[in-house]
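Structure first, then comments.
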Amino acid sequence: MAVRNTLAFRIIALSGIWIIIALVFTATLLLRTHREHTAQHYDAHVQMHLEELIGASQFTDDGRFRLAFQPSDPRYRELDSGWYWEVRQAGKTLKRSPSLGENSLDLKSLEPTTSVAIYEISGPQKAILRVHVIQVLIDPNREPLVFLSTAPTEGITEDVVDYSNHIVFNFILLGIGLLLAVVLQVRLALKPLKAIGTHISDIREGKANRLPEDQLEDVQPLVDELNNLLEHNAVLVKRARNQLGDLAHSVKNPLTVINNAAHDMESGQRELILQQTSDISRSVDHYLSRARTYGTEKVLGSRSSIKSSTEDLVYAMQRIYLKRNLIFDLSRLQGCWFKGEAQDLEEMLGNLMDNACKWAKSRVQIGCSTLDGRLQIFVEDDGPGIATEEFENVMRRGHRLDEAKPGHGQGLGIVKDIAGLYGGSLSLARSELGGLQAKLDLPSA
């Protein structure tokens, strides 16, 4: 069904139908012309023998009819050959060809004339005959003679059938050749459009920013409009990001002032205000992150390296947890790419790696793989892990299993939200290292 809904299929199908119609019409016209030509050839042969009959006809002195000679064609002597001649006078047969035997040609209601008339009649053995009839006055003192000469239409039919077999075979070869030419022509004609599709894929994968400008005149307007659309889209996204940054600064600066002023208040009021401003700040960060991701998840060209982002985060984690001497195993990292913004990838990986570092005894392992256009990222630790029934709870915002550990319980919730905005998911499982395994399912570039 997908193949039928393509421009190439429609062009080839319509061209194929037109080729078939044209070839059938041409073949029919050729066969009809050939039949007429073959019939004319047979008529000329029969006409020649008819003239022989007329030239050989004479009456003796005693009034008897005789032929000085008979037509030379040996088929007139072969019984029921379809090649017959007959001479009549006043409805009676005076002479007939040996091929007729004792039979006589039935003209039914046909009236002979003084010029040659050609008809098709049914002869002996119910064969269809092409008969030439003419009435000639040999002796003015006697009744005119009617001369008949025939040829079987079977010969014409066989000749036409033989010719049609050659025509059909040759036209089939011609039709195949024409169809192959159409396929080649369509492929060459649509090659620029396929190239544009390939370039768009390169843009989506982050390999290019614009479509090449050197295109055929027919598709150049399309390329120009697509490039303008890409530039317009990039401008809108950049403007939205700048506005989000401005909004973050305009909200967080007053919050900082409120926090500083709250430290001079009484203990009860101070704790309440600090708690509320902290919640506001986290909410602002969360919804700004969601808004930023909504603006970038479908942007062409978003492409981020897993290995590069992971190595940068490992460097940061080694500084934060310097006293822990944690081992970071990156041996399972392959050449994977995330179809999205690097900052979103780093925020998800950063939260997962930070959780793993908090609970790990000595080892944190990060790996990735791709399958069917999907990216799988694994972050594992050798810590104590958590109970299976707590997997869903820990991904809820604000839920903490251990109040002694630093944090606000927002990390896994943020990761789950960002992954969901990219059509992905976050899942938890027991790690082979003994601790927790966090798996991200995301679109792969």
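Points worth noting:
- Selection from ALA356, SER201, SER97, by position along the positive dipole direction of the chain (Cβ): ALA356
- Helices in the chain, meaning DSSP H runs of at least 4 residues, each add -39500 (n - 2.57). Divided by all residues, the mean residue ellipticity at 222 nm is -18000 deg cm²/dmol.
- Length available on full extension from ARG77 to VAL168: 0.36 nm per residue minus the Cα-Cα distance, which gives 29.1 nm.
- Members of LYS194/LYS238; LYS307/LYS358; LYS207/LYS238 lying beyond 25 Å, as alpha-carbon distances in this model show: LYS194/LYS238
- Straight-line reach from LYS92: taking Cα to Cα under 17 Å and skipping same-chain neighbours fewer than 8 places apart, the lysines in range are LYS108.
- Förster radius 22 Å - calculated FRET efficiency between GLN220 and LEU7 (Cβ-Cβ, nearest 0.05): 0.75
- TYR42, TYR119, reordered so the largest accessible area comes first (probe 1.4 Å): TYR119, TYR42
- Rounded accessible area per residue of the chain, 1.4 Å, Å²: 59 Å²
- As a size descriptor, the averaged projected area of the C-alpha convex hull of the chain was calculated at 42.1 nm².
- For the pair SER425 and ASN103, label points projected 7 Å from Cα toward Cβ lie 8.8 nm apart.
- Using a Förster distance of 41 Å, the FRET efficiency for HIS232-LEU330 (Cβ separation, nearest 0.05): 0.55
- Two-site FRET efficiency, ILE176 against LEU31, from Cβ-Cβ distance with R₀ of 25 Å, rounded to 0.05: 0.75
- Tilt relative to the chain, helix 306-320 - C-alpha long axis, 0 to 90 degrees, to 10: 0 degrees
- Size of electric dipole in the chain: Cβ of Lys, Arg +1 and of Asp, Glu -1, about Cα centre, debye, nearest 20: 1120 debye
- Per-residue SASA entry for GLU36, accessible area with 1.4 Å probe, Å² rounded to 10: 90 Å²
- ³J(HN,Hα) computed for each position of region 212-220 - Karplus, 6.51 cos²θ - 1.76 cosθ + 1.60, integer Hz, glycine/proline x: x, 7, 7, 10, 5, 4, 5, 9, 4
- Accessible area in the full protein assembly, largest first, 1.4 Å probe, for PHE147, PHE169: PHE169, PHE147
- Distance cut-off 16 Å, percentage of C-alpha pairs in region 314-401 lying past it: 61 percent
- Cut-off 11 Å (backbone N to label point 7 Å along Cα→Cβ of GLN185), residues of region 3-31: 12, 15-16, 19
- Both radii were evaluated on the Cα set of region 1-145; the Rg over Rh quotient, with Rh as the Kirkwood radius, amounts to 1.32.
- Within the accessible area of the chain (1.4 Å probe), percent carbon and sulfur: 55 percent
- Computed from phi, the 3J(HN,Hα) profile of region 346-354 under the Karplus parametrisation 6.51, -1.76, 1.60 (θ = phi - 60°) reads 5, 5, 5, 5, x, 5, 5, 5, 5 Hz, with x in place of Gly and Pro.
- Counting heavy atoms of the protein chains alone, PHE65 has an accessible area of about 30 Å² for a 1.4 Å probe.
- Gyration tensor over alpha-carbon atoms, region 117-218, equivalent ellipsoid semi-axes in Å: 74, 15, 8
- Ordered from highest to lowest accessible area with the whole protein assembly present and a 1.4 Å probe, HIS49, HIS263, HIS34 read as HIS263, HIS34, HIS49.
The values are calculated or read from the model by the stated rules, or taken from the named source; none is laboratory data. Not measured: the values here are computed from a predicted model. Reconstructed Cβ throughout: ideal geometry from the backbone, glycine too, with neighbour counts over all protein chains shown. For accessibility, only protein heavy atoms count, side chains too; no ligands or nucleic acids. Shrake-Rupley method; radii C 1.70, N 1.55, O 1.52, S 1.80 Å.
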